[in-house]
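K.L.:
Here it is: the structure, laid out below.
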Amino acid sequence: MEIPLNLSVGKLVDRPNRFVFTGIADGCEKRWHCPVTGRIGLVGSFSDIPCLFTPANSNGKRATQGTVEAISLNGGKDWIGINQNRINGWVERLLRQNAMQSMVDSTGCDVRHEVQVEDSRIDLVVENGDRCTFLELKTPTRDLLLVPGDSFTRPPSQAYFDRGLRHFKTLARLAQSGNRTIVALCFMYDAQPFTGPKRDKWNAKIMDTIAEANSCGVENWQINFKITPNSLKIVNYFQINYKTSH
């Protein structure tokens, strides 16, 4: 199952700040929006890195000329999607097409997005009568790139950290109430199976919370996508069982 895309090819020159890439496309200098405000994997320099971007509407008043959707670390042979804002909409479309039946059979179900539950906003809910499957999607780009599981560094903000804790605690309570709950790690490239980070002082609390959620029935899945200028498709998806204590 594929989602059609219409992305343009360019080349990055620099990342002058966390919101902007500069680059070249069709022989012209460009300024593109960077959808990741923090670190992107272990990439130190963005000079001469191929990219895929969505051009901005020529009639708009944007400060940039589009948004970078993916980069390539091997000269354009393979693409690594970096726009986390896309994932929820793409997974919703695929669920409506029942494209991940082994994970969630969504035949004849209602799929809703951004559902408020207690003090958390859950990404997607698949409703089948009185039975619900709640899905929270995570798209790591800050620490996990190409080889997931090496380490997690300090969270980018306290708000980010607290939001993650709330999500897992809410999903745990939903699971205890008889609902099915899933946390899906989504990679816009063919990532290795996630094995879990090394436990350290920064992530001990979140890892303990995840372990407690898992004991309540929260499932962990991984979805790998392949992105090209013309399409996004699922490469593989599978349940994962990674260690939360070392």
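K.L.:
Test of understanding: in a Gaussian network model of the chain with alpha carbons linked when under 10 Å, which of Pro140, Pro50, Pro16 would top the mean-square fluctuation ranking?
P.N.:
Looking only at Pro140, Pro50, Pro16, the biggest GNM fluctuation is shown by Pro16.
K.L.:
Treating segment 23-99 as a set of equal point scatterers at the Cα positions, no solvent, please give the Debye-formula log₁₀ I(q)/I(0) at q = 0.12, 0.16, 0.19 Å⁻¹.
P.N.:
Here log10 of I(q) over I(0) equals -0.42, -0.71, -0.93.
K.L.:
How many percent of DSSP beta bridges within the chain run antiparallel, rounded to 5?
P.N.:
If we restrict to bridges inside the chain, about 75 percent are antiparallel.
K.L.:
Another question, if that's okay. Please build a GNM for the chain, connecting alpha carbons under 10 Å apart, and tell me which residue among Arg15, Arg131, Arg93 fluctuates the most.
P.N.:
Arg131
K.L.:
Still on this structure, I have one more. Quickly rank 80-92, 37-49 as a protection proxy: mean count of other C-beta atoms within 10 Å, highest first.
P.N.:
Values: 80-92: 19.8, 37-49: 14.2.
Highest-to-lowest ranking by the protection proxy: 80-92, 37-49.
K.L.:
Taking the mean number of other Cβ atoms within 10 Å as a proxy for protection, how do you rank 191-199, 100-108 from highest to lowest?
P.N.:
191-199, 100-108
K.L.:
Also, quick follow-up: Of the peptides 170-181, 114-125, how do they stack up when ordered by the mean number of other Cβ atoms within 10 Å, highest first?
P.N.:
Ranking the peptides 170-181, 114-125 by packing returns 170-181, 114-125.
None of the figures in this text is laboratory data; all of them are computed from the coordinates on show. Since the model is a prediction, treat every value here as computed from it, not as a measurement. All Cβ positions, glycine included, derive from the backbone under ideal geometry; neighbour counts span all protein chains shown.
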